Structure formats: structure tokens, C-alpha cells
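Worksheet for the structure shown next.
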Amino acid sequence: METIITIGVIGVLLALTWATINFMLIKSNDQIVRTRAHFLAMEGVEIVKQIRQTGVNRNRETGFEGSIGKKNGLFVIGRQGDAFTLEEGENEVIEMTEEPFTSYCRTLQITGNSELLKEVVSIVKWGAPDCAEGDQVIRLSTYLADLTQ
């Protein structure tokens, strides 16, 4: 009888241990996915800052206006040679090639009535098919101003 009780107690402890380890692995993967999404949102904002600064460096008087100032709407990041560009569109799909495999969709929203001040919002979505917006969305925003005026 004691052997059966001991085996039962060990079985329960093993089941609890397995459930705890499984829960920790799932939470760890969720945190990796969320951290990647946060990084992609920050990267989007930083690329827009880089595009703005490259425009200003090339032409101090009209660089901001030419690179960011006249833009309003939804954009994705493009490349022209070794430089980043903003192209009209939304939901730039970014596939991860490492586990956990996840698809992200990034959109840059630029708004503002003035050509001297723009709000840039980097929106990253994941977890839903066709980039539909669900609970898993990260938004980071900043303001960019033309400081040459």
C-alpha cells in the first residue's frame, strides 16, 4: 500500500513539474516575440529619423521638407541602393527565420498639418492572419521637427 501511495505522490509531483516547465517555456516564447516586435517598432522610428537626417545633411534648407515634411499617410520602409526610403503602403511583412517563427507587419504613419513638425508612429502587429489588428500591437511614436527654420 505504501508503494502505491509513493508512486501516486511522485506521479503528481512529476505532472506539476511538467506543467510548470511547459508554462515557463510558453511565457518565454511570448516574451521573445514581444521583444522582437518592440525592436521592430523602434527600428521603424529610427529609420525615419535617419531618412530625415540624411535629407537635412544633403540640403540644409529643404532637406526636412523633401524627406519628411511633405509626407502624410501610411508608409513602409524601402531601399534604394544602400539608403532607406519611405514608400506609400502599409503592412510591411517581416518574417522571422529563428524560433519562435512569427510574422510581423510594420506600418509607419506620418501625420501633421505643418511641413515643419510631423508625428511619426511605428505600428507593429503580429499573431493575426493577414495583418489584421488584434490584441498584439505595439505603437511607438515621436515628433520630428525642422530645426533649420
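The values are calculated or read from the model by the stated rules, or taken from the named source; none is laboratory data. Just so you know, these numbers come straight off a predicted model, no measurement behind them. Reconstructed Cβ throughout: ideal geometry from the backbone, glycine too, with neighbour counts over all protein chains shown.
Structure notes:
- Hits in the range 1-56 - residues which are within 26 Å of PHE84 (Cα to Cα) and of a type in the set (S, T, N, Q): THR35, GLN50, GLN53, THR54
- Of the residues THR54, THR142, the single one that is among the polar types (S, T, N, Q), surrounded by fewer than 17 Cβ atoms within 10 Å (Cβ to Cβ) and part of a strand (DSSP E or B) is THR142.
- The residue that is nearest to ALA128 (Cα to Cα), among those in the range 72-110 that are of a type in the set (Val, Ile, Thr) and in contact (Cβ under 8 Å) with a residue 12 or more places away in the chain, is THR102.
- Those residues of the range 57-87 which are more than 17 Å from GLU119 (Cβ to Cβ), of a type in the set (Lys, Arg) and outside any helix (DSSP H, G or I), in sequence order: ARG60, ARG79
- Condition met for ILE32 (β-branched (Val, Ile, Thr), out of contact with any strand residue (DSSP E or B) (no Cβ under 8 Å at 6 or more places or on another chain), assigned to a helix (DSSP H, G or I) and free of Cβ contacts under 8 Å to residues at least 12 places away in the same chain): no
- Criterion violated by GLU95 - all others in (1) in contact with a Ser or Thr (Cβ under 6 Å, 6 or more places away or on another chain); (2) modelled with pLDDT of 90 or more satisfied: (2)
- Reported count of residues in the range 110-139, each being crowded, with 17+ Cβ neighbours inside 10 Å, assigned to a strand (DSSP E or B) and not charged (D, E, K, R), is 8.
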